[in-house]
1. Report ³J(HN,Hα) in whole Hz for each residue of the stretch 83-90, in order, from the Karplus equation J = 6.51 cos²θ - 1.76 cosθ + 1.60 where θ = phi - 60°; Gly and Pro get x.
2. Mind giving me the nanometre distance, one decimal, between the label points for R21 and V53, set 7 Å out from Cα along Cα→Cβ?
3. Once phi is turned into θ = phi - 60°, what whole-Hz ³J(HN,Hα) does the Karplus curve with 6.51, -1.76 and 1.60 give for every residue of the stretch 8-15, x standing for Gly and Pro?
4. Which ³J(HN,Hα) values in Hz, rounded to whole numbers, follow from the phi angles of the stretch 67-72 under the Karplus curve 6.51 cos²θ - 1.76 cosθ + 1.60, where θ = phi - 60° and Gly and Pro get x?
5. For Q64 and T87, FRET efficiency with R0 = 22 Å and r from the beta-carbon atoms, rounded to 0.05?
6. Can you pull a Stokes-Einstein diffusion coefficient for the chain at 37 °C (0.692 mPa s), Rh from Kirkwood over Cα pairs, as a whole number of µm²/s?
7. List the lysines whose Cα lies under 27 Å from the Cα of K90, skipping any in the same chain that are fewer than 8 positions away.
8. Where does helix 33-58 land angle-wise versus the long Cα axis of the chain, in degrees 0 to 90, nearest 10?
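What follows is calculated from the coordinates using simple rules that are stated; it is not laboratory data. In this text the structure is predicted, and so the values were computed from the model without any measurement. FYI the Cβ positions are ideal-geometry reconstructions off the backbone, even for glycines, and counts take in every protein chain you see.
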Amino acid sequence: MRSDTQRRADARLAKIEGQIRAVRKMVEDDRYCVDIVRQVQAARSALSGLESVIIEDHVDTCVQHALESGSTDDRREKVTELVSILTGKKK
């Protein structure tokens, strides 16, 4: 993973961590259910954004490297990995 991506991921993770702590506090404080659900949705959206940043970096680095290599097996493996994570299936 590129260092820029690591920094961006870390910043997003810090935000997500704060959101999760907020959800926990809301549950402890017996806050209104809809407010809790909205906060959960915000955290889920932030995780989805993090996932996109990491996948983009993976494509730009690992997948690109495999495509430029002479190995058909490496290419096939990277494509299979991408399909499995994008479809939610285990490898």
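1. Karplus values, whole Hz, x for Gly and Pro: 4, 5, 6, 6, 9, x, 9, 7.
2. Going from the R21 label point to the V53 one covers 1.8 nm.
3. 5, 5, 4, 4, 5, 5, 4, 5
4. Computed from phi, the couplings for the stretch 67-72 are 5, 7, 6, x, 8, 5 Hz.
5. 0.55
6. Translational diffusion coefficient: 215 µm²/s.
7. Hits, sequence-local ones excluded: K78.
8. Compared with the principal axis, the helix lies near 20 degrees.
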